[in-house]
Amino acid sequence: MKTHYHLGALLLFLVTPAAQAADEPGTKELPNVAAKRQWRQPVALALAANRWLFIANERSGSISVLDVESGQVVREVQVGKQLVDLRLTSDIKSLVVLDGEAAEAILFRHQDGDLTLLRRFAAPTDPRRLDLSADGKQAVITGRWSRTLGILDLLDGGLKTIPLSFAPQEVRLLPGADAIAVADAFGGRLAVCELTAGTPRVMRELPGHNVRGLALRGEQLFVTHQVLSRLARTTFDDVHWGNLLTNNVRELHIPDLLNPKADPVRTSRLHQVGTEGQGSGDPAGVACLPDGRLLIVLSGTDQVAFGPGAEGEWRRLAVGRRPTAVVVSSNGRRAYVANTFGDSISVVDVERLAVVKEITLGPTPEPDDKERGRRLFFNARLSHDGWLSCHSCHTDGHTSELLADTHSDGSFGTPKRVLSLLGVAETGPWGWNGSFKDLRSQIRQSISSTMQGGKPSDQQVRDLEAFLRTLPMPRATLSQRESAGASIRGAAVFAEHGCRKCHAPPTYTTSEVYDVGLADEAGLRQLNPPSLRGVGLRSVFLHDNRTTSLAEAVRLHQTKSSARMSDKEMQDLLTFLKYL
Amino acid sequence: MPRLFSYLLMLAIGSGLILPRLATAADEKDERSKPAAPLLWAIVKTIEERHIAPPSRQQMLLDIGRAAGIPSDVLESESFKMKLDQIKNAEDLLALMVAARPANKQINPEEALRKLLQSWPGRLDLVSEKDFKVVEQLNANRYVGTGIQVRTNAEEKLVQVMLAFPNGPARKAGLKTDDLILEVEGISVRGAGMIRKVVDLLRGEEGSTVTLVVRQPGSEEKRTISIVRSVIPLQTVFGYERLSEESWNYKPLADQPIAYVHLSGIRSSTLRELRQLEPRLQAQGCKALVLDLRFESGARLHDVTLLADGLLDEGPLWKIRDRSNTTREVRSDRDSLFGEWPMVVLINPTISNTGMEWLAAALKARGRAVLVGEPVESNSFVTEHVHLPDGLGVLALPTSRVVLPEQFQPRMTNAGPKSKWTVKPDELVKVEQKQRQEIVARILAHESFRSAQDPALKPVEDPQLAKALDVLKAALKQGGAKDK
């Protein structure tokens, strides 16, 4: 009680959580790891007073502090396991850092580049991105696999979670609207939630996927993303002319986004960054420049793009490897780009359109096969003209859940869902028709045919395979505990109705192909059963996404058993599936 | 209709159908028939297996017999028809035709085959594998070459440059319109009938060089020009009038925010070209669009589908009916180019059976565009290129049908549903043949841009375009009133 009273009193006088928490015990000295040989992989940036650049390193769990005046990393503090985002309060007195693996939000006090750790808060499971309220008292945090938006009170650590119907990633508070925009980590959904009430307001579906950047200017919200056409084919022509996949930024009018009766897509403007010869794969972080243009990092082609110009054109500049995040100085003259695979920061002179220097964040080891494979997976230059990487469709190793008309099933005119690569090493054979008996031949096909990237080298294929083998099976949406009774009954339904014949544990697939009464447009009936692990995370089902209901997907299998299933059995079965 | 695309095909392929085996056949009766039989048999088999509405085998074999010069009385005899039914392979076909044909009959095999193919439903065509590669390059807008059109100048007995494309490598290297070609790669190409040889010599891999010796008509001065072959960017999206080699005016009326765009064809690049044009038109303040499809050269269903998807928001486009009589709906996805702009699409009979009529019909059915001009017919055939076995060539034949929304369908007849239908304009504006020729001549002059002094560049009366502009002016006025 006493503590609560104390906090309440402070609230009346002090603005930011850092200032509030300053008197609390528990402030620790953090080890400086700037000289340590390790992968850092910077993924997020925050710039204080145009002087101190804070860099969240995902692989090392450290924060690098760069003095942009001297161009030196002044220190690197080890703060967690896997830092995925960080943000300064508007008074720059507080820094909030997100640790993905530890599922923590970590609050620091900041002064002249010095960080003091104040407190660690519980965040939603698998946190990905955060934003801070204007007063710096609340953090909104996306929980990807937990499918939640967390609203964290930075004063008392209270965490309110809003369940979402999709796995979210990028998040932005919309100023003056008491609203939060939350974007899908894989597909194109965009939810708007209320900050104060902590409730969902409206759900949008953008034509696109792989949303990796949000930026605000006035009433405009800029969303970087890709669009995959199910009507186009993975031929040289359609890849070359950008008919298959485009790399874009959409300019949404925020009042229309908020108004449930308006259609924000109709009133939006789509800017296509890529063009023939310059595919500009995998646009990620985006920043608004004072001159009205945007600066977008192209994470697949190791470039940044400036635009749109007067006639919609974009100018590109090469930076370090896999740039993912960008911040711009307040006068708009300097941009700092986080090169995730370059373990470096590119300093860009915006007016001259030139890289002033690339600053290395610290010593790195030699990449092994898995690391080389990871770099290839996110590299759009593996494709013709840099239009797409593996990640463009298998977003972060999972799936965009979109339909793609590739030739991996032996035909065109038969678009099928992009499969998740989580746990892919264990789910052979590969391809919807099961024609790839080893993972390497599927990798070769995807690069040379789907991506029109020419023949990959044997080493590239081996490295990609090594990386793919590191991808874990997807998480279940229910724990065994949550699903206990129904799950046990559902397991019995699963066994009794012969589901295990094709979907056998532990991978919940088998190495054969089966005719279950479904056929594609070319008459292919022998289909490869996808693994059911993580099926509860998916929102579309069967090879052509013909249903959004898992129950209907089960019923559409024309086996004798599924037709006879009672409603009760179905309910139990669905619970069981969500536990896989 | 003389279109840029067909010129290119002629340039690329030479004079029509290439049948090397037939063309090189010896004079003897048996020898002449020999190479044609496997080809004809392959064509018959392919038609049987893939054609959406194939003639019966007996009918096809009778047609072949007729083309081979077998007299009607023989063809119509029951005994001959029975023999036809026993044909199981190319050898049988050859044996029967050789036996039945009068010894003195002279035929031109190329001509005969062309007529034969055209007589079957869907106007079939055959090209060699080599020429098909060029067709594919053109369709993909990845044509590799020097970027010129040539013709034979009969008076001079020389091959003459009709046009060096704006932005093409030949034009950049200094080749001029009307240049007469004397040598290619050091080989003299003087004399009549050299056009195919010139075309062959001009062809080559991307990045390679070809050297020409040329002179202007009436001049003795020879010029040597080296051209690096490259991908020729063939524009398919054009504006109202060309201002220079690089730039266009898109507004027919200076004081109206109405853009005019002519599609000379739909290829893999067309959607990309429109996507790049949209922000430029927006920057010029345009708020409405005339999409001129008239005088277009034909398109593949796939490219038309992508363009229709680009121009239309989410919804149905058409259905495809295949040989097994199953229909499949094709739908466009969310989002569209030119958002809410009022749009008029210009159509006329020159685009009948080109594939463009499907686009026009979908835009009308979905209420996206007002159609202005004259009715367009469609046989609804979707043509596909099928490779014949043993490298015998590539056969273009209809393998499915496009089924449009009911409003375009003809009524049922006693004989069942008719396959031909008509896309009628919302605003019927007829023009005389002479006027139509003037309109296309002007469009071509701007698109090919032979020279800035070309008299065909001057404006002509185009009542269909005038109507389109009136419709859009009214729509903009109405829209403006609504906004207020």
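Readers should treat all values here as calculations from the given coordinates under stated rules, not as data from a laboratory. Small disclaimer: the values here were computed from a predicted structure and weren't measured. FYI the Cβ positions are ideal-geometry reconstructions off the backbone, even for glycines, and counts take in every protein chain you see.
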Global form of region B:280-349, assessed from the alpha-carbon gyration tensor, a/c cut-off 1.5: oblate
Label-point gap, in nm, between A:Ser457 and A:Arg217 - each point 7 angstrom along Cα→Cβ: 4.1 nm
Helical mean residue ellipticity (222 nm; -39500 (n - 2.57) per DSSP H run of 4+; nearest 500) of the protein assembly as shown: -7500 deg cm²/dmol
Compactness relative to 2.2 N^0.38 Å, alpha carbon Rg of region A:221-359: 1.10
Longest segment of chain A lacking trypsin sites (Lys or Arg not before Pro) that sit in a DSSP loop with at most 11 other Cβ atoms within 10 Å: A:353-580
Helix A:567-579 vs. chain A, principal-axis angle (Cα, 0 to 90°, nearest 10): 50 degrees
Cα gyration tensor category, rounded, prolate or oblate, for the protein assembly as shown with a/c compared to 1.5: prolate
Karplus 3J(HN,Hα) series, Hz, for region A:64-75 with 6.51 cos²θ - 1.76 cosθ + 1.60 (x for Gly, Pro): 8, 10, 10, 8, 6, 5, 8, x, 10, 7, 7, 6
Estimated FRET transfer efficiency (A:Val516, B:Glu314; beta-carbon r; R0 45 Å; 0.05): 0.95
Area projected by the alpha carbon convex hull of region A:482-580, averaged over all directions, nm²: 6.0 nm²
Interchain or long-range residues, amide H under 5 Å from A:Val74's placed H: A:Val65, A:Leu66, A:Asp67
Share antiparallel - DSSP beta bridges, chain B, percent rounded to 5: 75 percent
Gyration tensor (alpha-carbon) shape descriptor, chain B, a/c threshold 1.5: oblate
Region B:114-193: trypsin sites (Lys or Arg not before Pro) falling in loop per DSSP and having at most 15 other Cβ within 10 Å: B:Arg123, B:Lys157, B:Lys176, B:Arg190
Candidates per GluC sites (Glu not before Pro) in region B:138-206, loop by DSSP, up to 16 other Cβ within 10 Å: B:Glu155, B:Glu156, B:Glu185, B:Glu205, B:Glu206
Translational diffusion of region B:158-223, µm² s⁻¹ [Kirkwood Rh, Cα pairs; Stokes-Einstein; 10 °C; 1.306 mPa s]: 129 µm²/s
11 Å beta-carbon shell around A:Asp153, net charge (K/R +1, D/E -1): +1
Average projected area [Cα convex hull, region A:342-501], square nanometres: 14.5 nm²
Karplus-derived 3J(HN,Hα), 6.51/-1.76/1.60, for each residue of region A:81-96, Hz, glycine and proline x: 9, 8, 7, 10, 6, 7, 7, 8, 6, 5, 8, 6, 8, 10, 10, 10
Amide H contacts under 5 Å for B:Leu158, placed H, 5+ residues apart: B:Asn153
